[in-house]
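Input: a single structure, listed below in structure tokens.
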Amino acid sequence: MPNYLTPEGAKKLADELRLLALTERPRVVQEVSDAAAQGDRSENAEYIYGKRRLREIDRRIRFITKRLDGAVVVKKSEVVCDVVRFGALVCVVDENGKASRYTIVGPDEADPSAGRISFQSPLGQSLMKRKVGDTVTVRRPAGELEVEIQSIDYESS
């Protein structure tokens, strides 16, 4: 399955990759080199921690590189506007009258507390390909929830 990203999400991952590769990694390599010059490495906490941090940075660099290599960046101009698709800002009202706004994004960009939900999440899956006025049932671990789609917007999402 392709890794879908918004242009903003792709930029954020690329910025993180650039920061790790050009700033963090060289700094930690220098710290490890300085710690190694102090002698006995077996009891040198700075050396041991530095090597661990270097492995974490390398792991994250590989992960981001792989995610970006397989990414499909979806521009807002490429989506149909009358149904919920990737990148949409969807306003819904639940059965208790509570209004919520969600932007449909890929799993790498999901942040439910900020209203950014993955299209693969239970709510995201339920909203996909629906229209304004549709009532959808969301199956989630806490039980079923019905929401009605109030609006779909692609400009401000």
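The numbers here are math on the coordinates, done by the rules we state, and not lab data. The shown structure was predicted, so the numbers you read here are calculated from the model rather than taken from an experiment. So basically every Cβ, Gly included, is an ideal-geometry build from the backbone, and we count neighbours across all protein chains shown.
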Fully extended contour minus Cα-Cα distance, from ASP94 to GLU56, at 0.36 nm per residue: 9.5 nm
Projected onto the charge dipole of segment 8-89 (unit charges on the beta-carbon of Lys, Arg, Asp and Glu, signs +1, +1, -1, -1), the Cα from VAL29, PHE63, ALA45 with the largest positive-side position is that of PHE63
Sorting LEU145, LEU13, LEU22, LEU5 on the 10 Å Cβ count, fewest up front, what's the list? LEU22, LEU145, LEU13, LEU5
Let me know the Rg and Dmax you get for segment 76-153 when you use only its Cα atoms, in Å. 11.5, 36
List, in order, the whole-Hz ³J(HN,Hα) value for each residue of segment 58-71 obtained from phi through the Karplus relation with A = 6.51, B = -1.76, C = 1.60 and θ = phi - 60°; use x for Gly and Pro. 4, 4, 5, 4, 4, 4, 5, 4, 5, 5, 6, 4, x, 7
Rounded to whole Å and sorted largest first, list the principal axis extents of the Cα atoms in the chain. 70, 35, 25
Modelled FRET efficiency - R0 41 Å, ASP34 with LYS11, Cβ distances, 0.05 increments: 0.75
Which of the aspartates and glutamates could a cross-linker bridge to LYS98, judged by Cα under 20 Å and excluding same-chain residues fewer than eight apart? ASP111, ASP134, GLU144, GLU146, GLU148, ASP153
Interatomic Cα distance distribution for segment 3-73, bins of 10 angstrom, percent: 20, 39, 23, 14, 5
Under the definition of Cα pairs under 8 Å and six or more residues apart, what whole-number percent is the relative contact order of segment 76-157? 35 percent
DSSP loop GluC sites (Glu not before Pro) with at most 10 other Cβ within 10 Å excluded, longest remaining stretch of the chain: 44-154
Reachable lysines from LYS66, Cα under 27 Å, same-chain residues fewer than 8 places away excluded? LYS11, LYS12, LYS51, LYS75, LYS76
Under 8 Å for C-alpha pairs, at least 6 residues apart: give me the relative contact order for the chain, rounded to a whole percent. 23 percent
